[in-house]
Amino acid sequence: MFRKDYVIIAIITFMMLKNIDSKIFQELINISLTMFRKNFFDIFHGAISIKIDDSKFIINTKDAVLNSPLSSNYMMLPHKRDYSWQEASIDAFIHSFIYREISEAKCIAYTFPNFTMAYSLNNDKFLPKDYFGYKKFKEVKIYNPGDYDSWYERADVEICNFLRQNKANFVIVKGYGLYIYERELSQLAKTISMIENSAKMLVLSDTEKLAKIQNYTSSNILDSSDFDI
């Protein structure tokens with residue numbers, strides 16, 4: 001793409017963003033910062049978007065640093081693909097598909113919360129044992145994406161199918177991340193935080209159990225000095 005094409009994209013995005021309610025745009029930036037500081041996003045890893053209407057949405061760019069308050073980290077994107085998609089997050093096609101298929105989705109995030117991902121690697125279900133997690137989520141199936149090499153060829157359809165079939169607003173994809181939609185940005189962050197807190201307790205609890213088993217095993221290993229030969 002020539003330099004002038006990048007300039008055109010920047011100008012179009014700027015003009016479109018000027019017409020968006022500044023409070024909505026500022027909230028998107030603030031929520032992104034909060035989620036980054038909570039380690040739900042990483043440098044260049046993750047995506048967040050908000051629906052503007054049935055034809056377009058705002059999402060971070062492919063090179064966005066989500067701990068930055070710069071408006072240039074975000075862009076308006078139409079569902080109908082054009083050259084502007086080349087500057088959007090690699091996950092834009094998944095966000096677009098969810099918006100088009102699930103009317104309740106008003107904002108979406110793809111995150112990589114550490115404890116949630118660690119828990120997903122060794123479990124098939126998310127079973128919170130803390131009070132708030134249990135009351136909110138009960139039991140949630142963890143989705144296995146299968147072959148990682150072909151995942152992005154299937155991700156949009158499979159994520160959306162899981163959400164609809166399970167009547168859920170989030171999916172934990174084993175080893176890949178957490179996809180979630182909500183009607184409000186503030187609720188989006190709250191739900192992710194609850195999931196991660198529950199996962200943290202589960203991981204730490206399992207770690208403590210494993211440590212106790214290892215300590216018990218090591219303390220009961222018989223040594224030759226225990227016998228008279």
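The values are calculated or read from the model by the stated rules, or taken from the named source; none is laboratory data. Since the model is a prediction, treat every value here as computed from it, not as a measurement. For neighbour counting, all protein chains shown are included, and Cβ atoms are generated from backbone atoms with ideal geometry for every residue, glycine included.
Results, tabulated for the structure shown:
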| read-out | value |
| --- | --- |
| Criterion violated by THR13 - all others in (1) modelled with pLDDT under 80; (2) surrounded by fewer than 19 Cβ atoms within 10 Å (Cβ to Cβ); (3) closer than 25 Å to ASP156 by Cα satisfied | (2) |
| ILE52 being of a type outside the set (Ser, Thr, Tyr), under 23 Å from GLN165 (Cβ atoms) and out of contact with any Ser or Thr (no Cβ under 7 Å at 6 or more places or on another chain) | no |
| Residue match in the range 132-146 (condition: of a type in the set (Phe, Trp, Tyr), touching a His at 6+ places or on another chain (Cβ under 9 Å), under 25 Å from THR34 (Cα atoms) and surrounded by 14 or more Cβ atoms within 10 Å (Cβ to Cβ)) | no |
| Those residues of the range 160-181 which are aliphatic (A, V, I, L, M) and more than 18 Å from ILE59 (Cα to Cα), in sequence order | LEU163, ALA168, VAL171, ILE172, VAL173 |
| Boolean, THR207 is assigned to a helix (DSSP H, G or I), of a type in the set (S, T, N, Q) and either at pLDDT 95 or above or touching a strand residue (DSSP E or B) at 6+ places or on another chain (Cβ under 7 Å) (or both) | no |
| Checking LEU202 against (1) crowded, with 18+ Cβ neighbours inside 10 Å; (2) within 17 Å of LYS38 (Cβ to Cβ); (3) of a type outside the set (Lys, Arg); (4) at pLDDT below 95, the condition it does not meet | (2) |
| Any pair with Cβ under 8 angstrom, 6 or more apart, that starts in the range 90-111 at a residue that is acidic (Asp, Glu) and ends at one that is part of a helix (DSSP H, G or I) | GLU101/CYS160; GLU101/ARG164 |
| Strands (runs of 3 or more DSSP E) lying entirely in the range 26-133 (those with 3 or more residues that are over 15 Å from the mean Cα position of the chain (by Cα) and more than 18 Å from ALA155 (Cα to Cα)) | 47-53, 56-60, 74-78 |
| Residue that is farthest from LYS106 (Cα to Cα), among those in the range 163-175 that are without any contact (Cβ under 8 Å) to a residue 60 or more places away in the chain and surrounded by 20 or more Cβ atoms within 10 Å (Cβ to Cβ) | VAL173 |
